[in-house]
């Protein structure tokens with residue numbers, strides 16, 4: 001087989017990938033609620049005769065961070081069916097989203113896992129007529145839900161990778177598992193996949209993100225320096241009272257919340273490496289003349305290493321407990337999501353370099369780059385690395401219309417074909433006969 005000729009022929013996927021991406025964008029679904037998205041992925045895999053596992057088969061239910069209520073799941077399923085999901089497929093999923101395509105070559109060889117995330121953001125999409133999804137007719141129809149990070153592109157890219165690899169599986173050896181992961185936003189989904197055992201025999205793991213500061217035609221092969229993180233909700237309970245007649249009888253939860261926020265922001269001073277803390281929201285109170293009896297903070301801690309992040313996390317929890325006690329209140333905290341720190345393995349860079357060299361559209365190849373944020377793919381990377389496997393996280397360049405998580409976000413769809421050629425070329429390097 002001439003791999004260069006095959007890669008050139010992948011141009012035929014450009015239009016179907018764009019159509020799939022726009023379909024996922026139009027019916028955006030947030031974490032743990034991606035029922036239509038998963039059903040469409042399964043339907044595509046079935047159509048092309050690709051074996052798969054789904055939902056409960058690839059998820060460990062003991063690690064469901066911030067899982068929706070039963071009523072929310074019911075509503076999400078009903079919406080998915082109304083928007084074209086196959087009810088029979090939905091039933092088989094047993095109220096769990098996500099899927100894993102399994103491409104067996106029939107020959108002994110390495111086990112390679114690829115991962116693509118599929119959830120959207122809790123963002124209301126901009127409806128300006130100049131916004132391309134509006135003018136193109138694929139603006140999100142689901143209120144408060146928008147693919148503002150590129151996961152619609154990831155899902156369509158992952159499906160095209162499945163179809164292409166299935167076409168050439170007779171030229172490969174070993175096994176490829178393509179994981180379509182739910183609930184990446186808020187770093188909630190990957191640990192449940194990692195703890196399912198689906199990665200425990202994987203020799204090599206590869207994943208990527210579109211954009212992330214890289215332009216179309218650029219590729220950062222190995223991302224390093226992911227920050228360990230924990231997402232927390234904190235509820236402070238006080239005692240309400242008349243703010244004018246008897247404020248002394250109340251315990252002000254808002255004051256405690258504000259004191260906690262100010263105190264915990266000193267926790268990110270750490271000479272050992274990068275540390276971050278952010279209180280994203282504070283909500284509480286019932287009226288201007290009522291001493292607030294309840295306040296809720298949503299916050300996150302981050303660290304360059306798990307040790308640094310744990311230190312920041314502890315000091316944040318101490319700040320919340322201390323501030324609550326200072327104002328005669330009580331505090332309750334709940335972890336809503338987390339991700340570990342991780343680094344890509346240098347051993348995989350030669351495969352990526354040789355694969356990228358065949359993709360003419362990649363004009364700027366960067367062997368290694370820092371990733372200053374957090375990503376729950378680190379749990380998957382760490383799971384593979386723990387038994388001696390190798391893992392890498394790539395950033396595939398993609399021009400974007402606005403920053404990630406902005407309501408005017410949109411991707412350069414040319415990057416989808418670049419990504420497809422890249423993945424197929426790399427897998428050829430890793431698994432060719």
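Data table
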item: Debye intensity ratio in log₁₀ form over the Cα atoms of region 173-307, taken at each q of 0.09, 0.11, 0.13 Å⁻¹; result: -0.49, -0.66, -0.80
item: Label-point separation, residue 14 to residue 128 (7 Å along Cα→Cβ), nm; result: 2.8
item: Label-to-label distance, nm, for residues given as residue 200 and residue 432 (7 Å Cα→Cβ offset); result: 3.5
item: Helix 377-386 vs. the chain, principal-axis angle (Cα, 0 to 90°, nearest 10); result: 70
item: Residue-span extension gain [residue 296 to residue 347] - 0.36 nm each, minus C-alpha spacing; result: 13.8 nm
item: Degrees separating the helix 306-326 axis from the principal Cα axis of the chain, which is the longest one; result: 20
item: Computed P(r) (all Cα pairs; region 228-339; 10 Å bins; percent); result: 17, 44, 26, 11, 3, 0
item: Packing-based exposure ordering (other Cβ within 10 Å, fewest first) of 116, 180; result: 116, 180
item: Cα convex hull of region 324-433 - mean projected area over all directions, nm²; result: 11.4
item: Cα gyration tensor shape of region 109-183, rounded if a/c is under 1.5, else prolate or oblate by comparing a/b with b/c; result: prolate
item: Approximate spin-label separation residue 401-residue 69, in nm, with each point projected 7 Å along Cα-to-Cβ; result: 3.5
item: Full-extension gain in nm, residue 1 to residue 215, via 0.36 nm per residue minus C-alpha separation; result: 73.9 nm
item: Largest-first ellipsoid semi-axes for region 35-191, taking √(5λ) over the Cα gyration tensor eigenvalues, angstrom; result: 28, 19, 15
item: Per-pair calculated FRET efficiency, R0 = 41 Å: residue 141 and residue 368 via Cβ, rounded to 0.05; result: 0.50
item: Which of 156, 338, 311, 135 has the fewest Cβ neighbours within 10 Å, and the rest in rising order; result: 135, 311, 338, 156
item: Net lengthening on full extension, residue 266/residue 318 (0.36 nm per residue, minus Cα-Cα); result: 17.5 nm
item: Angle in degrees between helix 151-167 and the longest Cα principal axis of the chain, rounded to the nearest 10; result: 30
item: Range of Cα positions in the chain per principal axis (Å), largest first; result: 84, 50, 40
item: FRET E, pair residue 91, residue 62, Förster distance 30 Å, beta-carbon r, rounded to 0.05; result: 0.80
item: At R0 = 30 Å, FRET efficiency that the Cβ-Cβ distance of residue 361 and residue 283 yields, to 0.05; result: 0.05
item: Whole-number percent relative contact order across region 228-339, with pairs defined as alpha carbons under 8 Å at least 6 apart; result: 43
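Computed from the coordinates by the stated procedures, all read-outs in this text should not be read as laboratory data. From a predicted model like this one, the values you see are computed outputs, not experimental measurements. Here the Cβ is made from the backbone with ideal geometry for all residues, glycine too, and neighbour counts use every protein chain on show.
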